[in-house]
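What follows is a single structure, written as structure tokens, with notes after it.
Every read-out reported here was derived from the displayed coordinates using simple, explicitly stated rules and does not represent laboratory data. Just so it is clear, the structure is predicted and the values come from calculations on it, not from any experiment. Quick reminder, even Gly has a Cβ in these numbers, built from the backbone with ideal geometry, and neighbours come from all protein chains shown.
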Amino acid sequence: MAPYHIRKYQESDRQQVVALFSRGIVEHIPTTFRHVLKLPRTLVLLLGAPLALFLVSGSWLLALGADLTLLAALRFLVKHCFTQYLVTSLHTDMSDITKSYLSERGSCFWVAESEGQVVGTVGALPVEKPSLRKEQVELLHLSVALERRGEGIAKALVRTVLQFARDQGYSEVVLSTSMMQHSALALYQHMGFQKTGQYFYNKSWALMAVTVVQFSYQLPSTQVS
């Protein structure tokens, strides 16, 4: 594979960054849909509702149509949740990356570039809680192009954030990621991040039984020996 290097974001990167970020979000739709289909309550719904309809109407065709409608509704729910998250991100911090990440000390946004193409991204922002802004920095939007995974790019981007946090005097790096992002979960745990909690992003995510997992990395200088 072609070599890559990590550098700070430039405005000329925006189109590629948004495209990479968007692809990284929507690629989890099929996996999440399969997860939803395996839930006990989903199985009860997909089997029970058509059966009940058949018993009432006596029509297997109507029952089959109901099953297909339920599957389509579940697929729509999953797609809607990821699409809404993407839209929200593109209208908040990702709407103006330079302003959000590069206008003040203590925050930054990086890209991994290879042969003129952006193949990875990651950002760092102080946490929103005022009392912790000088202590905690949040790792955001870690993404690597599908065709460049397995080369250590994600690990290098995370290390970039950790070094930045040390240089800026932070004591802790925090992040949140979906339970469906199995590769990311494994990476963070391998690099020493500790799970601190989990929650549902909203009621729709609770309906899908998909949690957001929270992680924390205590920088070495603040760890208790």
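Mean Kyte-Doolittle of at least 1.0 and a Cα length of 27 Å or more along the axis: which whole DSSP H helices of the chain meet both? Walk me through the intermediate numbers first.
Working: long enough: 60-90 (45 Å, 1.21).
Those that clear 27 Å and a mean of 1.0 are 60-90.
What does the net charge come to around Ser216 if you take all other residues with beta carbon closer than 10 Å to its beta carbon, with K and R at +1 and D and E at -1?
0
Per-residue HN-Hα couplings for region 200-216, Karplus 6.51 cos²θ - 1.76 cosθ + 1.60 at θ = phi - 60°, whole Hz, x for Gly and Pro?
Using θ = phi - 60°, the values come out as 8, 4, 6, 5, 5, 5, 5, 4, 8, 6, 10, 9, 9, 9, 9, 10, 9 Hz.
Computed from the mean reciprocal separation of all distinct C-alpha pairs, what Kirkwood hydrodynamic radius does the chain have, in Å?
About 19.5 Å, per the Kirkwood formula over Cα pairs.
Determine the dipole magnitude for region 1-129: charges of +1 sit on the beta-carbon of Lys and Arg, -1 on that of Asp and Glu, nothing else is charged, the reference point is the Cα centre, and the result goes in debye to the nearest 20. Walk me through the numbers before you get to the answer.
On the way: 12 positive and 10 negative charges, 72 e Å.
Dipole size: approximately 340 debye.
Report the percentage of all Cα-Cα pairs in region 168-216 whose separation exceeds 14 Å, rounded to a whole percent.
Here the long-distance tail beyond 14 Å is 53 percent of all Cα pairs in region 168-216.
With viscosity set to 1.567 mPa s at 4 °C, what whole-number translational diffusion coefficient in µm²/s follows for region 110-162 from Stokes-Einstein and a Kirkwood radius over Cα pairs? Please list the in-between numbers first.
Values: Rh = 12.0 Å.
After rounding, the answer is 108 µm²/s.
Could you tally the net charge around Ser114, taking each other residue with its Cβ under 14 Å from the Cβ of Ser114, Lys/Arg +1 and Asp/Glu -1?
On the way: positive: Arg7, Arg148, Arg149; negative: Asp13, Glu113, Glu115, Glu147, Glu151.
Net of charged neighbours comes to -2.
Specify which residue in the list Val210, Met1, Ala66 is farthest towards the positive end of the charge dipole of the chain, using unit charges on the beta carbon of Lys, Arg (+1) and Asp, Glu (-1), about the Cα centre.
Checking the options against the dipole of the chain, the answer is Ala66.
Only Lys, Arg, Asp and Glu count, each charged at its Cβ (+1, +1, -1, -1), so figure out the dipole size of the chain about its Cα centre, rounded to 20 debye. All intermediate terms of the calculation are to be shown ahead of the outcome.
Details: 21 positive and 16 negative charges, 82 e Å.
Roughly 400 debye for the chain.
So what's the gap between the Cα centers of region 44-106 and region 113-178, to the nearest angstrom?
28 Å
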